[in-house]
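Remarks on the structure that follows.
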Amino acid sequence: FGLAVDPVYISEISQAAHRGQLVTWSEIATNIGIVLGFLSGLFFSSVDENVAWRLMFSLGAILPCFVIYFSTFVMPESPRWLVAKNREGEAREVLKMIYPDGYDVGVIVNEIKDTIEKESIAEHAVGWDVILFPSPAFKRMLMVGVGTAIAQQAVGIDAIQYFLVYILSESGIESRNAQMLILVVLGLIKLGVIVIAGHLFDRKGRRPLIMVSLLGCAVSLFIVSMSFIGGASSEAMAIFGLALYLAFFSIGMGPGAWLIPSEVFSTMIRAKAMSVATFMNRVTATIMSSTFLSVAQAMS
């Protein structure tokens, strides 16, 4: 649910000039959680495995409590949602927090109202038909937006992250402490590159970074695969390939897979289309993750 809501909320509450950087914050937050998970693994690496995973699960209940508090008492509601609910006064107050002092937020409110009216007319006219039986223009939007969401998982990011310990073990790294330490380093690399990507998306554009990301992921996975060919696995080569892969993924496909759909979908279909994009993203992730071990064992 959060995967679909986050980019939509951020795109609705942010100025267009800073939208690219701000939408990447959703991916940054996800990766902070991943790094914290890796750190907990390192922290509990000396604890019995049957106890360690239970302690890690219990720690997972802490951050959601903070999120619930901040989303309830700190985060402002989306101006677009407020206008849709005829709460224009509250929408103006939120927009005043977003835009510089003296900016005429009334213009933004009127634009939102006009957009909502057009969407309402279209919604009553076509409903889900605009998604299921799209016109050529909407079809191109869906191909780009949903295709990008699918591509993010088709490169295997979730499968690789889920089975990083398995990959490291197969490369010859058997020490549990060493594995956890490497995971933390890889997580920090991924997080650092995403922060850089947030700045680059608004400066260099979306398409160039996506292309560089996909090409880099392909080369990186080739390096990882080469590390397992031959009589003995190369630990250093496998770690280097994984670090390179996570870096290239984070420079484009990581944040871009949610930024592009949130921008390319027309406001008339954004909510429904983002739901479809998120659903297809998770379906692809499930297929890639659930078949990883079977494919690895079949090829070994």
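Some observations on this one:
- Number of residues in region 82-122 that are outside any helix (DSSP H, G or I), open to solvent by less than 90 Å² (accessible area, probe 1.4 Å) and without any contact (Cβ under 8 Å) to a residue 24 or more places away in the chain: the value is 3.
- Single condition Y162 does not satisfy, out of (1) open to solvent by 50 Å² or more (accessible area, probe 1.4 Å); (2) of a type in the set (S, T, Y); (3) at pLDDT 90 or above: (3)
- Restricting region 51-74 to residues that are open to solvent by 90 Å² or more (accessible area, probe 1.4 Å), at pLDDT 85 or above and of a type outside the set (K, R), the residue that is nearest to N177 (Cα to Cα): F66
- Here region 190-211 is the region considered, the condition is being modelled with pLDDT of 85 or more and more than 16 Å from the chain's Cα centre (by Cα), and the residue that is least open to solvent (accessible area, probe 1.4 Å) is P208.
- Residue within region 264-287 that is surrounded by fewer than 19 Cβ atoms within 10 Å (Cβ to Cβ), under 17 Å from the mean Cα position of the chain (by Cα) and over 17 Å from V146 (Cβ atoms) present: no
- Residue among A243, A178, A154 that alone is among the aliphatic types (A, V, I, L, M), open to solvent by less than 60 Å² (accessible area, probe 1.4 Å) and under 25 Å from V8 (Cβ atoms): A154
- Residue count for region 1-33 under the criterion of being modelled with pLDDT under 70, small (G, A, S) and crowded, with 17+ Cβ neighbours inside 10 Å: the result is 2.
- The helices (runs of 4 or more DSSP H) falling completely within region 173-284 that include 3 or more residues that are free of Cβ contacts under 8 Å to residues at least 40 places away in the same chain, of a type in the set (G, A, S) and closer than 18 Å to Q161 by Cβ map to 206-226.
- You will find that of S45, S40, the residue that is part of a helix (DSSP H, G or I), open to solvent by less than 60 Å² (accessible area, probe 1.4 Å) and farther than 27 Å from M268 by Cα is S40 and no other.
- Filter pass, K139 being surrounded by fewer than 18 Cβ atoms within 10 Å (Cβ to Cβ), part of a helix (DSSP H, G or I) and of a type outside the set (D, E): yes
- Residue in region 217-238 that is open to solvent by less than 60 Å² (accessible area, probe 1.4 Å), of a type in the set (A, V, I, L, M) and closer than 24 Å to I32 by Cβ present: no
The values are calculated or read from the model by the stated rules, or taken from the named source; none is laboratory data. Note that the structure is predicted; figures quoted are calculated from it, not measured. In this analysis, Cβ positions are derived from the backbone assuming ideal geometry, glycine residues included, and neighbour counts consider all displayed protein chains. Side chains included, ligands, DNA and RNA excluded: accessible areas come from the protein's heavy atoms. Shrake-Rupley method; radii C 1.70, N 1.55, O 1.52, S 1.80 Å.
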